[in-house]
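Here the structure comes first, spelled out in structure tokens, and everything after it is commentary.
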Amino acid sequence: MFEKTIITIDGPSGVGKSTAAKAVAEKLGLSYLDTGAMYRAIALQAQRERVNIDNSSGELESLLKRTEITFTRDQNHILLVLVNNEDITDKIRTPEISRLSSDIATKGIVRKRLIEIQRRVGKEGGIVAEGRDMGTYVFPDTKYKFYLDAELEMRAKRRWNQLHESGSDANIEDISKQIEARDKQDKERSESPLHPARNAVIIDTTHLNADEVVFKIIKEVQDF
Ligand code: DC
């Protein structure tokens, strides 16, 4: 029933987009496209190759030319990002890559390249696309648009919990400052900045658990 559908889920960092998008995709039999992972993948390559990301250096442009982004579908219908055929899923979740990916996402040449790939993936439909500009810019014609938001304090707390579960001793004030800085940059950049699409359903997740968010999204999609 939803096999040609594109559902977009946008919002700031740490708002629960990935958890919600994965679960919605699974429940509706769609594939999950994590576009943040694509920006992170370019950031990882830039870090590995010590690229000066300043446009005027030309280094970023030549990095993009020699970097091939493709996908492989895992058993849960998640489209895993491959960089020059390497699965980089485990290497892109560091604080350094979070920061660098937000910097790189301000660059028009990077966005143009990644957006082309995202639209190619979206051509067939059947995806839940998660990011910052899915509903506003990449797939403006889809009718299923969601924008998740939550208070900064709650987002920092959730990220802190995640990091602590994986053994990190990061402190909550630092996490909060990092999230705030990234949001500011993502919202204020000139190229497809983060904001809700005019016709997006806005969900405040501050006082909702993951199941409640998923329930709301599925209900909206089914009621459309
Ligand atoms: O969702 P994420 O934290 O993995 O995204 C990493 C960075 O990539 C984020 O700071 C902003 C950028 N991004 C973007 O500009 N547009 C998207 N569609 C997805 C992510």
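The values are calculated or read from the model by the stated rules, or taken from the named source; none is laboratory data. None of these values were measured; they are calculated from a predicted model. Methodologically, a virtual Cβ is constructed for each residue, glycine included, from the backbone with ideal geometry; neighbour enumeration extends over all protein chains shown. These area figures cover heavy atoms from the full protein model, side chains too; ligands, DNA and RNA do not enter into them. Shrake-Rupley method; radii C 1.70, N 1.55, O 1.52, S 1.80 Å.
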ask   = What is the gain in length, in nm to one decimal, between GLN222 and GLU173 on full extension, counting 0.36 nm per residue of separation less the C-alpha to C-alpha distance?
value = 13.7 nm
ask   = Can you pick out the pairs among LYS22/LYS143; LYS27/LYS107; LYS65/LYS143; LYS17/LYS219; LYS17/LYS143; LYS157/LYS187 whose Cα atoms lie more than 27 Å from each other?
value = LYS27/LYS107; LYS65/LYS143
query = What residues qualify as long-range amide H neighbours of LEU82, i.e. H under 5 Å apart, gap of 5 or more or another chain, H built at 1.01 Å from N?
reply = THR70, PHE71, THR72
inquiry  = Classify segment 91-158 from the C-alpha gyration tensor, please: rounded if a/c falls under 1.5, else prolate or oblate depending on whether a/b exceeds b/c.
reply    = oblate
ask   = According to the square roots a ≥ b ≥ c of the eigenvalues of the Cα gyration tensor, what is the shape class of segment 45-158, taking rounded for a/c under 1.5, prolate for a/b larger than b/c otherwise, and oblate for the remainder?
value = rounded
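With runs of 4+ DSSP H residues as the only contributors, calculate the mean residue ellipticity of the chain at 222 nm using -39,500 (n - 2.57) per run, divided by the residue total and rounded to the nearest 500.
Calculated from helices alone, the mean residue ellipticity at 222 nm is -14500 deg cm²/dmol.
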note = GNM of the chain, Cα pairs under 10 angstrom: of GLY108, GLY14, GLY58, the biggest fluctuation goes to GLY58
inquiry  = Let me check the size of the chain from its C-alpha atoms; what are the radius of gyration and Dmax in Å?
reply    = 16.8, 50
request  = Please sort by residue number the trypsin sites (Lys or Arg not before Pro) in segment 45-121 whose DSSP state is loop and whose Cβ has at most 16 other Cβ atoms within 10 Å.
outcome  = ARG50, ARG66, ARG93
Rounded if a/c under 1.5, otherwise prolate or oblate - segment 156-200, Cα gyration tensor axes = prolate
ask   = Going from the alpha-carbon gyration tensor of segment 140-223, what semi-axes, largest first and in whole Å, does one get by taking the root of 5 times each eigenvalue?
value = 26, 19, 9
key: Label point distance in nm, MET1-LYS91, each placed 7 Å from Cα along Cα→Cβ   = 4.2 nm
message = Accessible area of segment 18-167 with a 1.4 Å probe: how many percent of it is carbon plus sulfur?
response = 46 percent
request  = Give a quick list of trypsin sites (Lys or Arg not before Pro) in segment 147-224 that DSSP marks as loop, anything other than H, G, I, E or B, with at most 10 other Cβ atoms within 10 Å.
outcome  = ARG198
inquiry  = Taking every DSSP beta bridge with both residues inside the chain, roughly what % is antiparallel (nearest 5)?
reply    = 30 percent
key: Cβ-based charge dipole, the chain, positive-most Cα from VAL83, GLY16, SER166   = VAL83
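With a 1.4 Å probe and all protein chains left in place, how much accessible area per residue does the chain have, in Å²?
Values: 11750 Å² over 224 residues.
For the chain, the per-residue accessible area is 52 Å².
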